[in-house]
Amino acid sequence: MNGEARLLAPLVPTRGYFPDFLTPAEGLLGMTDALAALRETPAARLHDELGRLSSTTRPLPAWIRAMADGETRALGRLAGVLQRYYEAAVAPYWARVQGRIEADRAARGRALLDGGADRLLASLPPMMRWRPPVLEADYPVDRELHLNGRGLLLLPSYFCRRTPVTFHNPDLTPVLVYPVEHQSPRLTPIAAQERSLGRLVGQTRSAILQGIGVGCTTSELARRADVSLASASQHATVLRDAGLLTTLRQGNAVLHTLTPLGAALLRGARSAEGVGAA
């Protein structure tokens with residue numbers, strides 16, 4: 001895998017420009033759809049974007065130059081390398097990654113419901129600042145993106161660090177990819193999370209899980225589960241360590257949301273109750 005990862009390095013340098021076609025809009029639908037869209041990238045676009053990349057980095061490898069010249073086999077090779085990289089480096093940790101994304105989305109959704117678009121934009125991470133009617137962002141280069149009546153798609157990303165990014169081509173759908181909050185310096189594989197589930201026993205933690213809903217603060221969780229604030233915080237910590245919920249700080253409060261694993265566990269418990277009732 002290390003050799004194939006090195007193949008990708010020239011396409012995604014640690015700083016500066018990288019081609020827009022590597023992040024197709026279909027990525028919102030999953031890896032399969034994203035790679036299918038990547039394979040259909042028009043030759044003219046490949047030539048333009050890879051040509052711009054070659055002017056900002058060291059000379060590109062022969063297979064990338066072939067892709068820029070319209071070689072379809074090279075594009076298929078890229079899709080294969082990306083698929084294998086995803087399976088080795090991302091898929092084992094996807095539940096934790098998705099949990100952080102869902103936590104951020106819950107926080108933004110709560111801000112939108114509480115105060116509309118202004119509150120939503122003001123709630124974004126500190127590297128972005130809402131100064132109506134302009135959203136300012138720390139950015140690697142000095143640039144402006146004018147919406148001209150178009151909407152702006154806000155995408156929280158686990159792998160985006162320090163500053164937001166957007167497409168280089170201003171004619172593409174306006175997208176701003178921004179970093180989510182990182183509380184832990186390392187990801188825990190799913191297998192390790194599952195080993196922690198043995199700690200989860202008793203009615204109180206079941207009530208905590210069911211009380212989270214689409215997201216709530218520790219105070220709200222305590223009221224919903226009918227326990228003290230300290231007890232709610234303690235049980236939330238155990239559930240978080242087991243990979244069943246994730247916590248995002250919002251000012252002086254914290255917002256708890258279920259991870260995909262926690263939601264699946266809760267769905268399973270409810271299904272079992274339904275079978276028993278029948």
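The values are calculated or read from the model by the stated rules, or taken from the named source; none is laboratory data. Everything quoted here is computed from the prediction, not taken from an experiment. Glycine also receives a Cβ, built like all others from the backbone with ideal geometry; neighbour counts cover every protein chain displayed. Keep in mind that these areas ignore ligands, DNA and RNA; they rest on the heavy atoms of the full protein, side chains included. Shrake-Rupley method; radii C 1.70, N 1.55, O 1.52, S 1.80 Å.
Note on the stretch 72-140: dipole from Cβ charges, positive end direction compared against TYR85, LEU112, LEU135; the farthest Cα belongs to TYR85.
Dipole of the stretch 68-138, Cα-centred, from +1 at each Lys and Arg C-beta and -1 at each Asp and Glu C-beta, to the nearest 20 debye? Intermediate values should be presented prior to the final figure.
Working: 11 positive and 9 negative charges, 40 e Å.
It comes to approximately 200 debye.
Exposure check, 1.4 Å probe, all protein chains in place: PHE167 carries approximately 40 Å² of accessible surface. Counting only Cβ charges, +1 for Lys and Arg and -1 for Asp and Glu, the dipole size of the chain around its Cα centre is about 640 debye. With all protein chains kept in place, the per residue accessible area of the chain amounts to 58 square angstrom at a probe of 1.4 angstrom. Per-residue ellipticity at 222 nm from helix content only, as computed over the chain with -39500 (n - 2.57) for each DSSP H run of at least four residues, stands at -15500 deg cm²/dmol. Place +1 on the Cβ of every Lys and Arg and -1 on the Cβ of every Asp and Glu in the chain, take the dipole about the Cα centre, and give the residue among HIS146, SER206, GLY16 whose Cα lies farthest towards its positive end. The residue sitting farthest along the positive end of the dipole is SER206. Taking all protein chains as they are arranged and a probe of 1.4 Å, the heavy atoms of ASP114 leave approximately 100 Å² accessible to solvent. Dipole of the chain computed with +1 at Lys/Arg Cβ and -1 at Asp/Glu Cβ about the Cα centre; of GLN234, GLY99, TYR178, farthest Cα towards the positive end is GLN234. Overall, the stretch 1-110 carries a charge dipole of about 380 debye about its Cα centre when +1 sits on the Cβ of Lys and Arg and -1 on the Cβ of Asp and Glu, all other atoms neutral. Here the Karplus curve 6.51 cos²θ - 1.76 cosθ + 1.60, taken at θ = phi - 60°, turns the phi angles of the stretch 222-231 into couplings of 4, 5, 5, 8, 6, 10, 6, 4, 5, 5 Hz, with x standing for Gly and Pro. Between VAL254 and THR218, the built amide H atoms are under 5 Å apart, and every one of these is 5 or more places off in sequence or on another chain.
Both radii come from the Cα set of the stretch 126-185: Rg as radius of gyration, Rh as Kirkwood radius; their ratio Rg/Rh reads 0.97. Relative to the globular-protein estimate of 2.2 N^0.38 Å, the Cα radius of gyration of the chain stands at 1.17.
Scanning residues 5 or more positions from SER157 or on other chains, those with amide H under 5 Å from its amide H are TYR178, VAL180, with H placed 1.01 Å from N in the peptide plane. Run the accessible area of the chain with a 1.4 Å probe and give the carbon-and-sulfur part as a rounded percent. Accessible surface attributable to carbon and sulfur in the chain totals 54 percent.
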